[in-house]
Amino acid sequence: MPAALPDDLVDAYLRRLGLDREPPSADGLARIHRAHVERIPWETAWIHEGRDWGIATTSSAARIATTRRGGYCFHLNGGFAALVAALGYHVTRHVGRVHGPDGPSADGPINHLALVVSDLPADDCPEGRWYVDVGLGDGLHSPTPLVVGPIEQPPFTMVLAAVTPEGVGEWHLAHDPAGSFTGMSFGGPPTGMDVFGERHTWLTTDPESNFVRYFVVKRRTADTEVALRGLNHSVVAADGTTTTIVDDRSSWLDLLAEEFGIEPQDPDRLWPRVLRAHQVWTAAQG
């Protein structure tokens, strides 16, 4: 179980989500999950601002609750797990491996923190085990029963399977073709945050890491995924994806603040870096 959060931090976290305390329930878990993916952005903006964020759960929770920032899976699922544990839910952390078209592999990097909430039966989940994940950016909008089958959460249709190659986990999530990744395997015994430390360092400092190479901010809504990748503002909906290039500095910063709640501390450093990266990416496309 994650380390306990102090009551004042729990209250601040809930205020960020626009929620009140309530006893554990499947409906309550869904409310927390939906508010989290809608209000707390998945972001690499902080890396491009030159910040150094660790993955200790209390620090992640405090940053989310009090600074209106987000992070990526180690921060978002780490903070979420600490919050729901403090509210009385039984949550466990598990190793995850996001993968591309080649499929899951036991040799794949430990690059995702996945969560399971147990002992919470409901009519649609009599066994009481839920896959919860606020850390994929364009993944789940609501918790889903940890059972084999499709997951219909517009604009995406995902599939949860219990059979993966030996050594990569008990479960596999296949993403929608419109999603930003192919799939993610997860499982194994509950784990602490220390197992993710080495990969966190690589993801946030290595020039070959996509987190270092590309500025990305995204969040879910009830039926869309909204993202800002460099200068490309995209909205994925059931009827397709629309993309707009926002290449005016003021408009880009306004969009970042209004759509994702992020106001950079040093926009004079951030904007030229994002602009240069977009120009390099555009040139590479031919």
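The values are calculated or read from the model by the stated rules, or taken from the named source; none is laboratory data. Keep in mind that this is a model prediction, so the values were computed, not measured. Because the Cβ atoms are built from the backbone with ideal geometry, glycine has one as well, and the counts that use them run over all protein chains shown. Just so you know, the surface numbers come from the protein's heavy atoms only, side chains and all, with ligands and any DNA or RNA stripped out. Shrake-Rupley method; radii C 1.70, N 1.55, O 1.52, S 1.80 Å.
Side notes on the structure shown:
- Computing FRET efficiency as 1/(1 + (r/R0)^6) for A4 and S250, where r is the C-beta to C-beta distance and R0 is 45 Å, gives about 0.55.
- Counting Cα-Cα pairs of segment 5-67 in 5 Å increments starting at 0 gives whole-percent bin shares of 3, 15, 24, 25, 18, 9, 4, 2.
- For segment 6-15, 3J(HN,Hα) computed residue by residue from phi via the Karplus equation (6.51, -1.76, 1.60; θ = phi - 60°) reads x, 4, 5, 6, 4, 5, 5, 4, 4, 4 Hz, glycine and proline entered as x.
- For segment 1-98, the dipole from Cβ point charges (+1 on Lys and Arg, -1 on Asp and Glu) about the Cα centre works out to 220 debye, to the nearest 20.
- Heavy-atom accessible surface of C125, to the nearest 10 Å², is about 10 Å², with a 1.4 Å probe and all protein chains retained.
- For segment 69-142, the fraction of alpha-carbon pairs in successive 5 Å shells from zero, as %: 3, 15, 23, 22, 18, 11, 6, 1
- Computed E for A106/A284 - FRET, C-beta separation, R0 35 angstrom, nearest 0.05: 0.65
- HN-Hα J in Hz across segment 117-125 - Karplus 6.51, -1.76, 1.60, θ = phi - 60°, x for Gly and Pro: 9, 10, 6, 9, x, 8, 4, 8, 8
- Normalising the average separation of contacting C-alpha pairs (under 8 angstrom, six or more residues apart) by the number of residues puts the relative contact order of the chain at 18 percent.
- For segment 93-231, the C-alpha radius of gyration sits at 1.06 times the compact-globule guess of 2.2 N^0.38 Å, with N the residue count.
- Principal axis extents of the C-alpha atoms in the chain (largest first, rounded to whole Å): 51, 44, 39.
- Stretch gain in nm, segment D268-S25, where the contour uses 0.36 nm per residue and the Cα spacing is subtracted: 82.9 nm
- Volume of the convex hull of segment 24-179 (Cα atoms only), normalised per residue: 123 Å³.
- Using C-alpha pairs below 8 Å separated by at least 6 residues, the relative contact order for segment 1-111 is 33 percent.
- When only alpha carbons of segment 203-286 are considered, Rg and Dmax amount to 13.3, 37 Å.
- Taking θ as phi - 60° and the Karplus parameters 6.51, -1.76 and 1.60, the scalar couplings of segment 274-281 work out to 5, 4, 4, 4, 5, 5, 5, 4 Hz in sequence order, x denoting glycine and proline.
- Top of A161, A85, A257 by mean-square fluctuation, Gaussian network on the chain, Cα under 10 Å: A257
- Neighbourhood charge, 15 Å Cβ-Cβ cut-off, centred on L120 and excluding it, Lys, Arg +1 and Asp, Glu -1: -4
- Length released on extending from R276 to A178, taking residue separation times 0.36 nm less the Cα-Cα span: 32.6 nm
- For segment 91-153, averaging the sequence separation of C-alpha pairs within contact (under 8 Å, six or more residues apart) and dividing by the residue count gives a relative contact order of 23 percent.
- Annotation note: GluC sites (Glu not before Pro) in segment 122-182 located in DSSP loop regions with a Cβ neighbour count of at most 16 within 10 Å are E127, E166, E170.
- Radius 13 Å from Cβ of G135, net charge of other residues (Lys, Arg +1; Asp, Glu -1): +1
- Its Cα gyration tensor gives segment 20-105 an equivalent ellipsoid; the semi-axes, largest first and in whole Å, are 23, 19, 12.
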